[in-house]
Amino acid sequence: MTALVIAEHDNKTLNDATAKTVTAAALVSSPVHILVAGQDCAAVADAAAKIAGVEKVLLADDALYARMLAENMETLILGHADTYDAILAPATTTGKNYLPRVAAKLDVPQISEIIAVVSPDTFERPIYAGNAIETVQAPPGKKIITVRTTAFKAAATGGNARVEMISTATDPGLSRFVDENLSKSERPDLTSAKIVISGGRGLGSAENFKLLDQIADRLGAAVGASRAAVDAGYLPNDFQVGQTGKAVAPDLYLAIGISGAIQHLAGMKDSRVIAAINKDSEAPIFQIADYGLVADLFQAIPELNDEIAKRGIGQKA
Amino acid sequence: MKVLVPVKRVIDYNVKVRVKADQSGVDLANLKMSMNPFDEIAVEAAVKMKESGKATEVVIVSVGPAQALDTIRTALAMGGDRGILVKVEGPVEPLAVAKLLKAICDEEKPGLVLTGKQAIDSDANQTGQMLAALLGWGQGTFAHSLELSDGTIKVAREIDGGLQTVSLKLPAVVTTDLRLNQPRYASLPNIMKAKKKPVAEKSPGDLGVDVTPRCKVLKVAEPAKRAGGVKVKTVAELVDKLVEAGVVT
């Protein structure tokens, strides 16, 4: 009885989502193995081997897996699926892409985006944009699961698993990577940042979003956005927080000019503290915010920046 | 090239969802139902392909109760050519939907399947990927933009870090994300015309698929409520509170 976790990484660094998925996996089945599929990614496998509770790391190092394309991942995982009674991946855009293919080929219903493991075959997951939580029992047999990583703490480090090179599969020849246009940022990753400052349509322009940058830089925060702001073109899609964007759960979520549509709240309501600034006192965001300030953004943002600077906040970190 | 567009009838995007008192599910009685918004984007993309001469026929498929016919008619009013309703009462799991769609693809032999990345009720985000796997086709999920050429389609995908473009051999499955297009509203004449477009009806038995749910839903509950907090009067007071809460130092 062993669980297999598929690692999330960029061939250089192991993403934190992996250690969080290990936490969920250990509640489903143990021991836990990790599959690192990539190209020139030995460093990632070494990092995975240090996650506590991991018994073995399988390393598939081949150009076929450089971008973790779904079709290639499917054949690779299927080739090693037999020995596992649970296969889990983080519910990132990568995990969501390949894992349903594996489930379909194994004829197993996938349980998507679990937020809690009630028992090894029973899970909680959000449905209806987080407006309801479903408790679902998987049928006997293999479990195929994606994990909403903000709902689980990262497994500690300190492990010393062995790394085993595994055979790779052949190229199914269905898809080819063309190019990638990634947002470059010095700031922490949105899904793992301790502080997230998000802006909404209330900011009015891409230019005005830059007002948030100064505060984010002072606080070491990530910048996010509502769907409305992304649709309006103020920020690219990968900044979107919400049910169809990213789920975040930082210590502090600062919502600026965000009214608080259900779909947005679904992606951030697990934050420890939510603070909101909006000029509309009736905005739904105030119903869930711990601290709400009704104010004009274009006065409040510079004031907030000054106040943080004046008190030396962020400089102690 | 024939384009197949699976669409799902779901609770309308704007309706507030209520959990039933006995926690057996969500109360859908007498609520407004609509086409899954991501599927609307897929219909729009398919109709655009037809308008630009890249697609020859747009076939709309829905798996659901008798009323899913309305959803198919909406898609036909947007520009679909004909419909297929696979009539099933009660919930159908993504894997079963994928099997039904595979059986339909085996009959219809489309060059492309375009559908939403997820349905806004079950939020599973599985069906397109499962269908692609069962068919042995490539997939482009979370599509931001599309570029069809001879025998291939380039799909720019919305991924966590930005955009990734893949090139897929056709036939393939593409699932849509929000930014792909802005779906049109059907005009009244087109709504009238859609009523005359053919819709075939099938049962899971016709397609040889067992749709009995395999997972058991034990409970559907309200999410833990966050108690609303306090309103502060000034930025300085807000910063005081954040310092008190220990979230900024």
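Structure values in brief
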| quantity | calculated |
| --- | --- |
| GNM result for chain A, Cα springs below 10 Å: residue of A:A49, A:A275, A:A132 fluctuating most strongly | A:A132 |
| Pairwise FRET efficiency - A:V163 versus A:S119, Cβ, R0 = 35 Å, nearest 0.05 | 0.65 |
| Under the Karplus curve 6.51 cos²θ - 1.76 cosθ + 1.60, θ = phi - 60°, whole-Hz ³J(HN,Hα) for the stretch B:59-64, x wherever Gly or Pro sits | 9, 9, 10, 9, 10, x |
| For B:K20, solvent-accessible area (1.4 Å; no DNA, RNA or ligand), Å² | 80 Å² |
| The stretch B:131-237: chymotrypsin sites (Phe, Trp or Tyr not before Pro) in DSSP coil with no more than 14 other Cβ atoms inside 10 Å | B:Y185 |
| Other-chain or far-sequence residues with amide H under 5 Å of B:G140's (modelled H) | B:V173, B:V174, B:T175 |
| Amide H contacts of B:M33 (H built 1.01 Å from N, under 5 Å, at least 5 apart or other chain) | B:D12 |
| Pairs from A:K143/B:K202; A:K20/B:K99; A:K142/A:K269; B:K154/B:K216; B:K32/B:K216; A:K105/B:K48 whose Cα-Cα separation, in the structure shown, is over 29 Å | A:K143/B:K202; A:K20/B:K99; A:K142/A:K269; B:K154/B:K216; A:K105/B:K48 |
| Backbone HN-Hα couplings from phi across the stretch A:208-223 [Karplus 6.51/-1.76/1.60, Hz, Gly and Pro as x] | 5, 4, 5, 4, 6, 4, 4, 5, 4, 5, 4, 8, x, 9, 8, 9 |
| Neighbour net charge for B:D150 - beta-carbon separation under 13 angstrom, K R +1, D E -1 | +2 |
| For the pair B and A, total buried accessible area rounded to nearest 100 Å², probe 1.4 Å | 6900 Å² |
| Beta bridge orientation in chain A: antiparallel %, DSSP, nearest 5 | 20 percent |
| Percent RCO, i.e. relative contact order, over chain A, from Cα pairs under 8 Å lying at least 6 residues apart | 14 percent |
| Chain A, helix-only ellipticity at 222 nm - DSSP H runs n ≥ 4, -39,500 (n - 2.57), divided by all residues, nearest 500 | -8000 deg cm²/dmol |
| Solvent-accessible surface ranking, highest first, for B:E89, A:E303, A:E124 at 1.4 angstrom | B:E89, A:E303, A:E124 |
| Surface accessible to a 1.4 Å probe, B:S149 within the full protein complex, Å² | 70 Å² |
| For the stretch A:263-277, 3J(HN,Hα) per residue [Karplus equation, 6.51 cos²θ - 1.76 cosθ + 1.60, θ = phi - 60°, Hz, x = Gly/Pro] | 5, 6, 4, 4, x, 9, 6, 8, 5, 5, 10, 10, 10, 9, 10 |
| Stokes-Einstein D for the stretch A:195-310, Kirkwood Rh over Cα pairs, 20 °C, 1.002 mPa s (µm²/s) | 158 µm²/s |
| Sum of side-chain charges, B:K196 neighbourhood, beta-carbon under 14 Å (Lys, Arg +1; Asp, Glu -1) | +4 |
| Cut-off under 5 Å, modelled amide H: who pairs with A:L35 long-range | A:V5, A:I6, A:A7, A:L58 |
| Heavy atoms of A:D16: accessible area, 1.4 Å probe, square angstrom to 10 | 70 Å² |
| Cα centroid of the stretch B:7-26 to Cα centroid of the stretch B:108-167, whole Å | 26 Å |
| Length-normalised contact order of the stretch B:1-77 in % [C-alpha pairs under 8 Å, at least 6 apart] | 44 percent |
| Two-site FRET efficiency, A:D46 against A:D189, from Cβ-Cβ distance with R₀ of 25 Å, rounded to 0.05 | 0.75 |
| Accessible area expressed per residue, chain A, with surrounding protein chains retained (probe 1.4 Å, Å²) | 38 Å² |
| Rounded, prolate or oblate (a/c below 1.5 giving rounded, otherwise prolate when a/b exceeds b/c) for the protein assembly as shown by Cα gyration tensor | oblate |
| Solvent-accessible surface ranking, highest first, for B:R179, A:R67, A:R101, A:R201 at 1.4 angstrom | A:R201, A:R67, B:R179, A:R101 |
| Of all accessible heavy-atom area on the stretch A:3-165, the percent that carbon and sulfur account for (1.4 Å) | 50 percent |
| Reduction of at least 20 Å² in accessible surface, 1.4 Å probe, comparing all protein chains with the chain by itself, residues of the stretch B:175-216 | B:L178, B:R179, B:R214, B:C215, B:K216 |
| Residue with peak Gaussian network fluctuation, chain B [Cα springs, cutoff 10 Å], from B:Q139, B:Q118, B:Q182 | B:Q182 |
| Span from the the stretch A:11-41 Cα centroid across to the the stretch B:29-73 one, whole angstrom | 38 Å |
| Helical mean residue ellipticity (222 nm; -39500 (n - 2.57) per DSSP H run of 4+; nearest 500) of chain B | -8000 deg cm²/dmol |
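The values are calculated or read from the model by the stated rules, or taken from the named source; none is laboratory data. Owing to the predicted nature of the structure, the values given are computational and were not obtained by experimental measurement. Counting neighbours? That spans all protein chains shown, and the Cβs are built from the backbone with ideal geometry, glycine included. Heads up: the accessible areas ignore ligands, DNA and RNA and are worked out on the full protein's heavy atoms, side chains in. Shrake-Rupley method; radii C 1.70, N 1.55, O 1.52, S 1.80 Å.
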